[in-house]
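Enquirer: There's a structure below that I have some questions on.
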Amino acid sequence: MHGTSTPYLFLLPYLLIFGVFGLLPIGLGVWLSLHQWDFQLPNKPFTGLDNYTELFTPDSLVYSDWWESVRATAIFTVLSVPLLVALPLGIAMLLNRRFPGRTFFRAVYFAPYVLGVAVVGLLWRFLLDANLGFVNHLFGTHTPWLTATPWAWVSLVGVTVWWTCGFNAVIYLAGLQDIPAELYEASKMDGASAWQRFWHVTLPGLRPVLLFVITTTILASANMFGQSYLITQGAPGNETRTVVSYVVALGIGQNDAGRAAAMSVTLTLMLAVVSIANFRIFRYQEDS
């Protein structure tokens, strides 16, 4: 009896933490989304799916703001994910070579990732300020990096890539080191070019890593909050206000936790569909 229960005893601390900080908030969020939940009101009437149907009803109070935030989230995701998938791969392939100072450059590329979003946001808000920022002073321009499109999107995507590409590069680097060197040697003997070795050896060897990087990068980009909140503050207007930013503004700023929870659950379902599609695409490519 003692032997069969030992694994579960080791799992118990993790299961408790996961239940309290994972499953319980999910359940509470779904429960809130089914009510008109105002923290200042004593009663929280049950509304069923009304908070969800309002998101797809054109004449509702939150319809336009919700879909504007979805559009902003989609724009940021579409612009940032390809860069955060391709650029770190190139960096990792360079850092996987043997050259003097390789360890130093690995640390340099990863260093920005250890900074908190508050540090990164405030730092780049000052640097990109249209009047006093160092970036405009350096290039002798008056570009409105934070207050006009498309410059606001260039700022958000650029800062995010600078901040987080080191993490993906480290993941790629670990994957590259697991690819047997014999495969590259054999392909060279067969006369394969550098591009052919990349396409037929490197990419297939990195398929599980690519799946992880693409999926986590999509999820992280779709949940972007700190950069928009600290750097552009949603400007111009609300064009760069993402879903998470709108959820925070609605749930905390306006005490409308019910609608905010419904938006969070809806975003979660959208991302679940995207993640499942991503897994299916990679599985199809592996089977074909």
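The values are calculated or read from the model by the stated rules, or taken from the named source; none is laboratory data. Computed from a prediction, not measured in an experiment: that's the story for all the values here. Backbone-built Cβ (ideal geometry, glycine too); neighbour counts: all protein chains shown.
Enquirer: Take the conditions under 19 Å from L176 (Cα atoms), in the same structural domain as V161 (by TED's automatic domain parsing) and β-branched (V, I, T) and apply them to V85. Does it pass?
Expert: Values: under 19 Å from L176 (Cα atoms): yes; in the same structural domain as V161 (by TED's automatic domain parsing): yes; β-branched (V, I, T): yes.
Against the criterion (under 19 Å from L176 (Cα atoms), in the same structural domain as V161 (by TED's automatic domain parsing) and β-branched (V, I, T)), V85 qualifies.
Enquirer: Just the residues that are modelled with pLDDT under 95 and either within 21 Å of the chain's Cα centre (by Cα) or in a loop (DSSP other than H, G, I, E, B) (or both), please, taken from the stretch 250-267.
Expert: Q254, N255, D256
Enquirer: Also, quick follow-up: For the stretch 154-205, what are the residues that are outside any helix (DSSP H, G or I) and of a type in the set (V, I, T)?
Expert: Here is the first cut: in the stretch 154-205, the residues outside any helix (DSSP H, G or I) are 178-180, 190-193.
I179, the sole residue that qualifies.
Enquirer: Counting only residues that are under 30 Å from Y229 (Cβ atoms) and touching a residue at least 40 places away in the same chain (Cβ under 8 Å), which one in the stretch 93-118 is surrounded by the most Cβ atoms within 10 Å (Cβ to Cβ)? Step through it out loud before you land on a result.
Expert: First pass over the stretch 93-118, keeping only residues under 30 Å from Y229 (Cβ atoms): 107-118.
Then keep just the ones that are touching a residue at least 40 places away in the same chain (Cβ under 8 Å); that gives 109-113, 115, 117-118.
Working: Y109: 20, F110: 16, A111: 10, P112: 17, Y113: 16, L115: 12, V117: 16, A118: 11.
Once the filter is applied, the top-ranked residue is Y109.
Enquirer: If you don't mind, another one. How about the stretch 32-82: which of its residues are under 12 Å from G258 (Cβ atoms), aromatic (F, W, Y) and either under 23 Å from the mean Cα position of the chain (by Cα) or at pLDDT 95 or above (or both)?
Expert: Correct list: Y52 only.
Enquirer: Here's another thing I want to ask about it. Could you tell me which of the residues T240, T216, T268 is out of contact with any strand residue (DSSP E or B) (no Cβ under 9 Å at 6 or more places or on another chain), closer than 23 Å to T164 by Cα and buried (at least 17 other Cβ atoms within 10 Å of the Cβ)?
Expert: T240
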